[in-house]
1. Where in region 71-114 are there strands (runs of 3 or more DSSP E), lying fully within it, with 2 or more residues that are surrounded by fewer than 11 Cβ atoms within 10 Å (Cβ to Cβ) and not assigned by TED's automatic domain parsing to the domain that holds residue 8?
2. Being touching a strand residue (DSSP E or B) at 6+ places or on another chain (Cβ under 8 Å) and more than 30 Å from residue 152 (Cβ to Cβ), is that true of even one residue in region 113-133?
3. Just checking, how many residues over region 13-45 are in a helix (DSSP H, G or I) and either touching a strand residue (DSSP E or B) at 6+ places or on another chain (Cβ under 7 Å) or free of Cβ contacts under 8 Å to residues at least 24 places away in the same chain (or both)?
4. State whether the residues of region 134-146 include one that is within 16 Å of residue 58 (Cα to Cα) and assigned to a strand (DSSP E or B).
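The values are calculated or read from the model by the stated rules, or taken from the named source; none is laboratory data. A quick note: this is a predicted structure, and the numbers were derived from the prediction, not measured. Counting neighbours? That spans all protein chains shown, and the Cβs are built from the backbone with ideal geometry, glycine included.
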């Protein structure tokens, strides 16, 4: 989810974007509302998202890879349903297929990733062209980043 909105919501808003953030944790949404009261913040599980709206950009940064491989596969039609014609989709994944348990602030944290070929197939079959794919980008904290655009 969007978490507390910092720093991504701030950066997007500074460039003139209208921000809608989704997180399953009500406490994260409350923090985001306090920091950015003029943005839209919604408590929801991304796997069940149905906003009856489309957006010019969709971002799943440090959130999507916490879903199981099966749930990740099911997210691509949800991305498609919420993407306006020509919309950008950016998400982070693992560098290769697998599952891992890490830690964050002393808590166990699940991570999963499909392989690059499957992500490309899922993007294509849901109407997205891959514009870029950078594995463990040194300029982004070694995140593996995908950028797609919905075909018009």
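1. It comes to 98-104, 107-113.
2. no
3. Of the residues in that region, 8 qualify.
4. Yes, because at least one residue in region 134-146 is within 16 Å of residue 58 (Cα to Cα) and assigned to a strand (DSSP E or B).
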